[in-house]
Amino acid sequence: MSGLAAEFAAETLLVSAAERLREAGVRQLEAYTPYPVEKLDEILPRPSNFLPVLVFAAGILGLIGGFLLQWIGAAVAYPLDIGGRPPASWPSFIPIAFEIAVLCAVTAGFVGFFAAARLPQPYQPIAALPDFDRASQDRFFLVIDDADPRFAEADVAAILRGFPCRVVQWQS
Amino acid sequence: MDAIDRAPVMLPGQDLATIDDAVGDAVLRPRERLGPQLWWWGGFAISVALTGAFILAVEYLFIAGVGIWGIDIPVAWGFAIANYVWWIGIASGGTIISALFYLTQSQWRSAVNRIAESMTLFAAAAAGVMPILHLGRPSFFYWLFPIPNTMGLWPQFKSPLLWDFFAIITYVFASILFWFLGLLPDLAMVRDRATTPRGRLCYGILALGWTGSHRQWRLHKTAYGLLASLMAPLVVSVHSIVGLDFSGGLLPGWHSTQFSPFFVFGAVLSGFAMVLLMVVPLRRLYRLEAFITERHVDLLIIFMLLCSLLLAYSYFVDTLLPFYGDDKFERATQLHRFSGEWAWSYWAAWSLNVVIPQLLWFRRLRRGWVICFIAFGVVVGMWCERIMLVASSLYEGFLPSSWGHFVPTLWDWLTLFGSAGMAAAGFFLFLRYLPVIAVFEIKEILPPEGRHG
């Protein structure tokens, strides 16, 4: 991958530059910021986000699995007669079923996040950009992939020149 | 509320760089900026010494058995259970701050959530070991898991004690994941600020290759929100189940339907008190007054007071019901609590958790040392409440012929103070090596004019 990378000193500059590029039809944009910039949600491409569905599914599976586990243990495999109470008294299975559901959902959310974010990653090519260690501190980077079909036509370099930023060629 | 609204959640004049300097330097510790950290070394040394005492106490316990403690029949639950309930309660408060107030989108949470979550982590760890120590044969603790075995045995799923086991496991595990997920972007910040190769390597490994791309941030936000929305009900369920451990018993003073909310109120109260006890000195020692402002302290105090009032209601109900009802054993236990062997713990709970904290309604009294003193009193008072609930119900139960006494031994006390030392040692290490404030969240709530380098 290769393209242009622009380094901004303020959030507002990054957002307006990204907006301009987006208006020019450039789609293959990525921003690197020290904190989540909500305004970019509408400008940058929206990745599919399966996490909520995954967490919900894991929670439901944990709930059913936890419930069945107790049912099998208490009613099928090892029924204990305590004062003639029914072995499969389901209300007493709710707390553990809930805990297992939460355990599964939290684990799925955690693992799912790392899978979706493609982490851990010992080497990130983008980190080779000059000054990139400040992307986690006080600088805002906008990276435009030159594979974008509108890259040449939209004249990305010219648009970026209209903003106070440092532009470098980038190649991984 | 006007006065509170007037105090800002962040002092003016901050930008991205000042935040990084304030928090990043505390981790990477350039001497010229922070100077020698005598308070850290002193506190850490004491905690490590206490941890040593804890290891000694546990070692002797493993060799000699639970007979070294003061527990016996009828008081078969002693310090270990009281400590467990106390620690898990303290932990709960931290999760409430970080998860519940994340869901309400409270801006003030951002400056204190890391401290609260880390406190939770070490308190939950201290809580988690207690029931295992109490088992009598700790090496068989894994029998609580429903694992296949040659005897065909299954754990008793209808027992609150087993519910509790699942609740603690889930809570400790989920707390670690939630804490690490929130920490990840800040680890990347420290990695990028580190000047030594060793620092870059260690924090680089911990940061797992976080770049701060918009894609990562979006996923992070979703994942964090999901985990927060799971943590909030989880923490309520955990302490409710702890309450059910007692309600499930038939003993007078335990067999009560109000125990779940009662325990949750007390838990959150002790958690807020513990967070105050950490936050008030830390904002000075780490010079974080710009980010942890008077407003944070005020809000924490107000939530602590709210919990104190809720707990007062529970104490009141718990005290009143035996006399409203017709059970003479319940009444006898309540009278023992008023004036029996363990009456001191009953009155200490009332005064330290309910009466004395009300002083903080007066704004003039909200000085650092007064707040710390009262918050420490609440933490101690909550322990008194736990031991009161455990011991005062057990030592004089239904049959006078089986009444007994509970006299804690040296090993009981060493376990209690040692566990505090262990949790504190962990917390001191957190203070030394990890960002004490969620830096990226603070950057997020910066006013627009501060969002530059």
Subject >> Estimated vicinal HN-Hα couplings, Hz - the range B:409-420 in sequence order (Karplus 6.51, -1.76, 1.60; Gly, Pro = x) >> reply: 9, 3, 6, 4, 5, 4, 5, 5, 5, x, 5, 5
Original post:
Pulled fully out, how much extra length does the chain show between B:Ser402 and B:Thr104, if you take 0.36 nm times their separation in residues and subtract their Cα-Cα distance?
Top reply: 102.2 nm
Original post:
For the range B:324-416, what is the convex hull (Cα atoms) projected area averaged across all directions, in square nanometres?
Top reply: 8.0
**OP:** Could you tell me the convex hull volume per residue, in Å³, taken over the Cα atoms of the range B:38-111?
**Re:** 124
Subject >> Dimensions in Å of the protein assembly as shown - Rg and Dmax from alpha carbons >> reply: 27.1, 95
**OP:** Can you send over the carbon and sulfur percentage of the accessible area for the protein assembly as shown, probe radius 1.4 Å, protein chains only?
**Re:** 68
Subject >> Dipole axis of the range B:312-442 (+1 Lys, Arg; -1 Asp, Glu on Cβ), positive-most option in B:Ser314, B:Ala332, B:Ile442 >> reply: B:Ile442
Original post:
Can you tell which of A:Phe140, A:Gln171, A:Ala152 lies farthest toward the positive end of the dipole of the range A:125-172, using +1 and -1 charges on the Cβ of basic and acidic side chains (Lys, Arg; Asp, Glu)?
Top reply: A:Phe140
Subject >> At 0.890 mPa s and 25 °C, Stokes D of the range B:184-230 from Kirkwood alpha-carbon radius, µm² per second >> reply: 215
Original post:
Excluding ligands, DNA and RNA, what is the solvent-accessible area per residue of the range B:30-115 at a probe of 1.4 Å, expressed in Å²?
Top reply: 42
Original post:
In Å, what Rg and Dmax follow from the Cα atoms of the range A:124-172?
Top reply: 11.8, 33
Original post:
Considering the alpha-carbon set of chain B alone, what are its Rg and its Dmax in angstrom?
Top reply: 22.9, 75
**OP:** Provide the FRET efficiency to the nearest 0.05 for the A:Arg166-B:Phe316 pair, computing r from the beta carbons and using R0 = 56 Å.
**Re:** 0.25
Subject >> Rg/Rh for the range A:1-48, where both radii come from Cα atoms and Rh is the Kirkwood radius >> reply: 0.92
Original post:
Considering only protein heavy atoms, what is the solvent-accessible area of A:Asp81 at a probe of 1.4 Å, reported in Å² to the nearest 10?
Top reply: 120
**OP:** At a Cα cut-off below 29 Å, give the lysines reachable from A:Lys39, other chains included and same-chain residues fewer than 8 away excluded.
**Re:** B:Lys221, B:Lys443
Original post:
What are the residues of the range A:74-105 that lose 30 Å² or more of accessible area, with a 1.4 Å probe, going from their chain alone to all protein chains?
Top reply: A:Tyr78, A:Ser92, A:Pro95, A:Ile96, A:Phe98, A:Glu99, A:Val102, A:Leu103
Subject >> Expected-Rg normalisation [2.2 N^0.38 Å, Cα atoms] applied to chain A >> reply: 1.63
**OP:** Could you state how much accessible area is buried at the B-A interface, both sides summed, with a 1.4 Å probe, in Å² to the nearest 100?
**Re:** 5300
Subject >> Whole-number D in µm² s⁻¹ for the range A:58-126, Kirkwood Cα-pair radius fed into Stokes-Einstein, 10 °C, 1.306 mPa s >> reply: 112
Original post:
How much of A:Val55 can a 1.4 Å solvent probe reach, expressed as accessible area in Å² and rounded to 10?
Top reply: 10
Subject >> Per residue accessible area of chain A, 1.4 Å probe, in Å² >> reply: 49
Subject >> Cα convex hull of the range B:110-268 - mean projected area over all directions, nm² >> reply: 13.4
Original post:
Extension gain B:Ile445-B:Val370, at 0.36 nm per residue separation less the Cα-Cα distance, in nm?
Top reply: 24.0 nm
**OP:** Have a look at B:Leu100, B:Val85, B:Phe122 and report the one farthest towards the positive end of the charge dipole of the range B:1-147, computed about the Cα centre with Cβ charges (Lys/Arg +1, Asp/Glu -1).
**Re:** B:Val85
Subject >> For the range A:42-56, Karplus couplings with θ = phi - 60° (6.51, -1.76, 1.60), whole Hz, Gly/Pro x >> reply: 7, 9, 7, x, 8, x, 5, 10, 8, 4, x, 5, 4, 5, 5
Subject >> Computed lengthening from B:Leu285 to B:Ile356, 0.36 nm per intervening residue step minus Cα-Cα distance >> reply: 22.9 nm
Original post:
Of B:Trp383, B:Trp77, B:Trp369, which has the most accessible area and how do the rest follow, probe 1.4 Å?
Top reply: B:Trp369, B:Trp77, B:Trp383
Original post:
Convex hull volume of the Cα atoms in the range B:234-338, per residue, in Å³?
Top reply: 110
Original post:
Each residue of the range B:220-226 in turn: what ³J(HN,Hα) in whole Hz from Karplus with 6.51, -1.76, 1.60 and θ = phi - 60°, glycine and Pro shown as x?
Top reply: 4, 4, 4, 5, 5, x, 5
**OP:** Round to the nearest 10 and give me the degree value, 0 to 90, for the angle of helix B:16-28's Cα axis relative to the longest principal axis of chain B.
**Re:** 60
Original post:
In what order, largest first, do B:Glu444, B:Glu396, A:Glu23, A:Glu99 sit by accessible area if the probe radius is 1.4 Å?
Top reply: A:Glu23, B:Glu444, B:Glu396, A:Glu99
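The values are calculated or read from the model by the stated rules, or taken from the named source; none is laboratory data. Fair warning: this is a prediction, and the values are worked out from it, not measured in the lab. Note: ideal-geometry Cβ built from the backbone for every residue, glycine included; neighbour counts use all protein chains shown. Ligands, DNA and RNA are stripped out before the accessible areas are found, and what is left, the full protein with its side chains, is counted by its heavy atoms. Shrake-Rupley method; radii C 1.70, N 1.55, O 1.52, S 1.80 Å.
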